[in-house]
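See below for the structure under consideration.
The values are calculated or read from the model by the stated rules, or taken from the named source; none is laboratory data. Only a predicted model underlies this, so the values are computations on that prediction, with no experimental measurement involved. Virtual Cβ from ideal backbone geometry, glycine too; neighbours counted across all protein chains shown. Please note that ligands, DNA and RNA were not included when accessible areas were found on the heavy atoms of the full protein model with its side chains. Shrake-Rupley method; radii C 1.70, N 1.55, O 1.52, S 1.80 Å.
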Amino acid sequence: MRCIAIDDEPLALDLLEDNISMVPYLQLIAKCNNAFEAMEVLRTQQADLIFLDIQMPGLTGLQFLQSMSSKPLVILITAYEKYALEGFNLDVTDYLVKPVSLERFIKACNKAHELFQLKAAGKTGREQSDFFFVNVDYSLFKIVFSDIIWIEGLKDYVKIHLKSSNKPVVTRMSIKGLEEQLPPTKFIRVHKSYIVSVAAITAIRKNSVFLEETELPVGDTYRDALYAIAGKSQP
């Protein structure tokens, strides 16, 4: 697993580096003194896991997490217990309070590694399969990936718009939960409320994506990825 360590205390960062070196499945790709340095690293390199301090000047660890539209696994390492609930609300893998024993550190790493392997297996499965099931009116309804045009998130529900039906399929789940079931090479998130089929895209503008006659908004944090699939940078 490729990982990044972020802490504004040099001694803490060095200790973190030593601990990481003892875990055989971890590869440290960068040590950062603050969140801004980490942002620069993540612009050019992919990380599977971030070890993150909370109290840092300029941008706290929690603010850094909230700014990320797509984030790797995260283990928070901090001197403060009071941020634990907020941390787990941001879907962190584990929360370690300094000073951290090597045994506790390795336990957190093992947890992250298991999640990483599960996600990798799930991704492979999604790429190999061409359908999935959702709950609709007390039944399991089969959705074929190639039949999907776009997906709309509505609080606790999603609407799945299909080529084969004028009426969208409505199921109770979050758009994030549904996104995790979709093959990432075939679908792209263009807005906090919309996912579209890459094959269905007919045109792209700065603030919109078109699926034939349907126009959907494009969120600022998703625009670069949308233009990237067209092999272009933003105009």
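Solvent-accessible surface of protein heavy atoms, probed at 1.4 angstrom with all chains present, puts TYR95, TYR25 in the order TYR25, TYR95, largest first. With the simple model of a label 7 Å out from the Cα in the direction of the Cβ, ASP137 to ALA225 spans 3.3 nm. Considering the values (i) 58; (ii) 50; (iii) 41, which represents percent of Cα pairs over 25 Å apart as calculated for the structure under consideration? Of the listed options (i) 58; (ii) 50; (iii) 41, (ii) comes from this structure.
Note on PHE36/LEU102: beta-carbon distance plugged into 1/(1 + (r/R0)^6) with R0 of 30 Å gives a FRET efficiency of 0.55.
Explain nothing, just the number: relative contact order of the chain, from Cα pairs under 8 Å at least 6 residues apart, as a whole percent. Each step should come with its number before you reach the end.
Working: 353 pairs, mean separation 23.6, N = 235.
Once divided by the residue count of the chain, the mean separation gives 10 percent.
Compute the accessible area per residue over the stretch 39-138, keeping the other protein chains in place, probe 1.4 Å, unit Å². With all protein chains present, the stretch 39-138 gives 59 Å² per residue.
For LYS82, the solvent-accessible surface computed with a 1.4 Å probe is close to 150 Å², ligands and nucleic acids excluded. For helix 102-128, report the angle its Cα long axis makes with the longest principal axis of the Cα atoms of the chain; keep it between 0 and 90° and round to the nearest 10°. So the inclination is approximately 20 degrees. Computed from backbone phi with θ = phi - 60° and the Karplus coefficients 6.51, -1.76 and 1.60, the 3J(HN,Hα) list for the stretch 174-188 is 7, 5, 5, x, 5, 4, 5, 8, 8, x, x, 7, 10, 9, 9 Hz; x is used for glycine and proline. Note on the chain: with charges restricted to the Cβ of Lys and Arg (+1) and Asp and Glu (-1), its dipole about the Cα centre is near 800 debye.
Residue order by solvent-accessible surface for ARG43, ARG189 is ARG43, ARG189, largest first, with ligands and nucleic acids left out and a 1.4 Å probe.
In order along the stretch 44-52, the Karplus-derived 3J(HN,Hα) couplings, from 6.51 cos²θ - 1.76 cosθ + 1.60 at θ = phi - 60°, round to 10, 10, 9, 10, 8, 8, 10, 9, 10 Hz, and Gly and Pro are given as x.
Under a 5 Å amide H cut-off, with hydrogens placed 1.01 Å from N, MET56 pairs with GLY61 among residues at least 5 apart or on other chains.
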